[in-house]
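Student: One structure follows; several queries about it will come next.
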Amino acid sequence: MGGITQDLQAHVQTAHTTLCHAWQIIRKDGVQFAFTDHDLNLTFEGVSFKANNGLGAKALAQTTGLAVDNTEAIGALSDSAIREDEIEQGRFDGAEVRTWLVNWADVSERWLQFRGTIGEVLRTDGAFRAELRGLTEALNRPLGRVYQKPCTDVLGDKACRVDTTNPAFSVTLEVQSEEDGRVFSWENLGGYDAGWFVRGRLEVVDGPAKGLWALIKHDRFEDGLRRIELWEPIRGDVSAGTSVRLIAGCDKRLDTCRFKFDNIVNFQGFPDLPNEDWLLAVPRSSAPNTGGSLR
């Protein structure tokens, strides 16, 4: 077994072993969970791994070369460990996962057996099944630029460079009224044209749903109110008084980059790319052709 220490290898080859598995999950928001399938807690690398939390896994499928390693975590949902509402909110999406094979009689004898991230998560009847993706999963993503008329960047990223904290492009305010976490209304939200936030984001700044966000579908004035409607509801408590941040939207067009964000120097599209009609055009003898006809 590659990477296993000599001491642990010698223990595995004995007639009687004292082995168990230990798991660590590190979410993108910094929250960590640690479990073991041993019947007592284990501690190593400054982490306490809790026993009997219903977390296990199928056999690891590990390969050499560029093939993708994968496995599946299976566990029970509980308030003290992994909660169903947090899975629904997407807080475990892309979380880092590490699993060790450990000699529980001497935790210094351990092997980091798997390292990767959480992919698709399914939950039903108080349990969950999480797809685990190995480090080589990143090699499956297509890379390189796409030649198209619209901009290919995300507003505010390293290539775009728009400062989304600029008051012209974002505003932080408290929720006055909300419907099912999807439609938000304010009485005094002026200073921005109708539609300014369409295709932008609503981010939750504080409260139980802090860190969650959703894309904005509509931004309009109705009956003296500014109404912001999302494509998908925020899956958390965003009741009145919760602070949220609205970020302007970008439709990826050259004119929007020029006139709305004054950022044409960083536009990442190809607005002069010929369309399909131009590519299929052929010279005609019945009419003049710019550039001269071959017929």
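Here, each number is a calculation from the coordinates, and none is a lab measurement. What you see is a predicted model; the values in this text were computed from it and never measured. Glycine gets a Cβ as well: all are built from the backbone with ideal geometry, and neighbour counts include every protein chain shown.
Student: With contacts defined as alpha carbon pairs under 8 Å and 6 or more residues apart, what's the relative contact order of the range 142-295 in percent?
Tutor: Computed value for the range 142-295: 29 percent relative contact order.
Student: With a point put 7 Å past each Cα toward its Cβ, work out how far Ser285 is from Ala105 in nm, to one decimal.
Tutor: My value for the distance between the label points is 9.5 nm.
Student: Explain nothing, just the number: relative contact order of the range 170-247, from Cα pairs under 8 Å at least 6 residues apart, as a whole percent.
Tutor: Once normalised by length, the contact order is 44 percent.
Student: Another one. Which of Thr242, Gly211, Gln176 sits closest to the plus end of the dipole of the range 170-247, meaning its Cα is farthest towards the positive end, when Lys and Arg get +1 and Asp and Glu get -1 on the C-beta?
Tutor: Gly211
Student: If we count every other residue with Cβ under 14 angstrom of His38's Cβ, Lys/Arg +1 and Asp/Glu -1, where does the sum land?
Tutor: -2
Student: For the range 137-189 and the range 232-263, write down the distance between their C-alpha centroids in whole Å.
Tutor: Centre-to-centre distance over Cα atoms comes out at 5 Å.
Student: Then there is this: Amide H of Thr242: which non-local residues (sequence gap of 5 or more, or other chain) have their own amide H closer than 5 Å, using H built in the peptide plane?
Tutor: Amide H neighbours of Thr242: Val175.
Student: Using the basic label-point model (7 angstrom from Cα toward the beta carbon), what is the Glu229 to Val265 distance in nanometres?
Tutor: 4.0 nm
Student: Taking the Cα of Thr172, stepping 7 Å toward and past its beta carbon, and measuring to each backbone N in the range 196-233: which are under 13 Å?
Tutor: Taking a point 7 Å out along Cα→Cβ of Thr172, the residues of the range 196-233 whose backbone N falls under 13 Å are 203-207, 211.
Student: Which of the peptides 86-99, 215-228 is most tightly packed, and how do the rest follow, judged by the mean count of other Cβ atoms within 10 Å per residue?
Tutor: Ranking the peptides 86-99, 215-228 by packing returns 86-99, 215-228.
Student: Then there's this: Which lysines have a Cα lying under 17 Å from the Cα of Lys210, excluding residues fewer than 8 positions away in the same chain?
Tutor: Lys28
Student: Here is a further query. Given the Cα-Cα distance of Glu120 and Asp237 and 0.36 nm per residue of separation, how much length would full extension add, in nm?
Tutor: 39.7 nm
Student: On to the next question. If I take R0 = 25 Å and measure r between the Cβ atoms of Glu96 and Leu139 in this structure, what FRET efficiency does the formula 1/(1 + (r/R0)^6) give, to the nearest 0.05?
Tutor: Once rounded, the FRET efficiency stands at 0.90.
Student: Please list, in order along the range 152-166, the HN-Hα scalar couplings obtained from phi with the Karplus expression 6.51 cos²θ - 1.76 cosθ + 1.60 (θ = phi - 60°), rounded to whole Hz, x for Gly and Pro.
Tutor: 9, 8, 9, 3, x, 7, 4, 7, 6, 6, 5, 7, 6, 7, 4
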